[in-house]
Amino acid sequence: MYNLLMTATELLQLQKQGTPYAVLDCSFDLMKPEMANSFYESVHIAGALPASLDKDLSTHDPALAVNGGRHPLPQRESVAQWLGSLGISNDMQIVVYDRNKGHYCGRLWWMLKWLGHDAVAVLDGGLQAWEDAGGDLATGPASPVAPAHFALKTPLRTLILTTEVAANLGKSSQLVVDARAGARYRGETEPLDPVAGHIPGALNRPFTENFNPDGRFKPAEVLKTEWDKLLAGRPAASVVHHCGSGVTAVPNLIAMELAGFGPTALYAGSWSEWCRNPDLPCAQG
């Protein structure tokens, strides 16, 4: 079972073993969400299924949302039904990837953990790594699949809500880590949300710092050194990750696990939910 990362070579081997598996393409563009399907149809791993951040991994119906923000999580039951409609069942090894250097596929990795499914891995290096390894590619729309049953199990990762973050603000039991770029964290610019700045007391670790230029995660020992420096002796178990809308915070969460710290929490509503509440404090600088 792969439950964190998988290399392109390991995926090639998995395909030959006869183990039940599913591959999902999470390629996306925040500024052009309508392009998700075009990305998939232009080229994807042969046999992969499409998973749009905007359409499949978020809900825009407040009655069905777990949290607020720009990309609210759907209810667990809704996600399980969607997976079943793709022919995905609990006995499968699931592999997620994108062509965006790992920016978006971590969202689905986390959601599957949240549903209680441990056998899910991020394809390290994404579509580019697959192409470099000589893996089969395909174009066009996804082929119809027979539906399956995906059962919910006990969550394997922790979801934190705005009320919890606010209640623990300033306490040693909570260390908020902001995954956005430094300029957004400091409040110098804000291209997506109505208020610029950050949650008071949050540390800044841009999620892009976890990757090498080719989109692969840095070695575990490098990540351990970098995260140790950021934590500065504070307990890793107290970390709550967030970003703009709960998506690109996940690479930080994955990086900590690669570094050996164990699972940490995700504040999925993130800055886009926090900054819309006039009763919550915002900091700059």
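The values are calculated or read from the model by the stated rules, or taken from the named source; none is laboratory data. All figures in this text were calculated on a predicted structure; none of them were measured in a lab. Cβ: placed from backbone, ideal geometry, glycine included. Neighbour counts: every protein chain shown.
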For Ala255, state whether it is in the same structural domain as Phe211 (by TED's automatic domain parsing) and farther than 23 Å from Ser27 by Cβ.
no
The helices (runs of 4 or more DSSP H) lying entirely within the stretch 46-159 that contain at least 3 residues which are over 22 Å from Ala265 (Cβ atoms) are 76-85, 126-132
Enumeration of residues in the stretch 202-232 that are farther than 25 Å from Ala166 by Cα and either of a type in the set (Ser, Thr, Tyr) or over 18 Å from the mean Cα position of the chain (by Cα) (or both)
Thr208, Pro213, Asp214, Pro219, Ala220, Glu221, Val222, Lys224, Thr225, Glu226, Asp228, Lys229
How about the stretch 250-285: which of its residues are outside any loop (DSSP other than H, G, I, E, B), over 16 Å from Thr225 (Cα atoms) and not hydrophobic (A, V, I, L, M, F, W, C)?
Pro251, Tyr267, Ser270, Ser272, Glu273
Selection within the stretch 22-45 - touching a Leu at 6+ places or on another chain (Cβ under 6 Å) and either farther than 24 Å from Gln75 by Cα or part of a loop (DSSP other than H, G, I, E, B) (or both):
Cys26, Phe28, Val43
Could you look through the stretch 179-195, keep only residues that are acidic (Asp, Glu) and within 17 Å of Ala249 (Cβ to Cβ), and pick out the one that is surrounded by the most Cβ atoms within 10 Å (Cβ to Cβ)?
Asp193
Quick one: what pairs do we get from the stretch 125-140, first residue at pLDDT 95 or above, second surrounded by fewer than 15 Cβ atoms within 10 Å (Cβ to Cβ) and among the small types (Gly, Ala, Ser), C-beta under 7 Å, 6+ apart or different chains?
Asp136/Ala46; Leu137/Ala46; Ala138/Ala46; Thr139/Ser42
Of (1) at pLDDT below 95; (2) of a type outside the set (Phe, Trp, Tyr); (3) in the same structural domain as Gly246 (by TED's automatic domain parsing), Pro144 fails just (3)
Filter the stretch 115-132 for residues that are of a type in the set (A, V, I, L, M), within 15 Å of the chain's Cα centre (by Cα) and over 23 Å from Arg76 (Cα atoms) and give the result.
Leu123
Select from the stretch 16-31 the residues that are over 29 Å from Asp54 (Cβ atoms) and among the polar types (S, T, N, Q) and write down the one among them that is surrounded by the fewest Cβ atoms within 10 Å (Cβ to Cβ).
Gln17
What pairs come up if the first residue lies in the stretch 155-171 and is farther than 13 Å from Gly201 by Cβ and at pLDDT 95 or above, the second is charged (D, E, K, R) and in a loop (DSSP other than H, G, I, E, B), and their beta carbons are under 7 Å apart, counting only those six or more places apart or on different chains?
Leu156/Asp118
In this structure, is Ser245 crowded, with 24+ Cβ neighbours inside 10 Å and on the phi > 0 side of the Ramachandran plot?
no
Somewhere in the stretch 221-234, is a residue in a loop (DSSP other than H, G, I, E, B) and surrounded by 20 or more Cβ atoms within 10 Å (Cβ to Cβ)?
no
State yes or no: is Val145 under 19 Å from Lys55 (Cβ atoms) and buried (at least 22 other Cβ atoms within 10 Å of the Cβ)?
no
Do you know which of the residues in the stretch 170-200 that are in contact with a strand residue (DSSP E or B) (Cβ under 8 Å, 6 or more places away or on another chain) and in a loop (DSSP other than H, G, I, E, B) is farthest from Gly269 (Cα to Cα)?
Gly187
Taking Ala259 as the residue in question, decide whether it is of a type outside the set (S, T, N, Q) and touching a strand residue (DSSP E or B) at 6+ places or on another chain (Cβ under 7 Å).
no
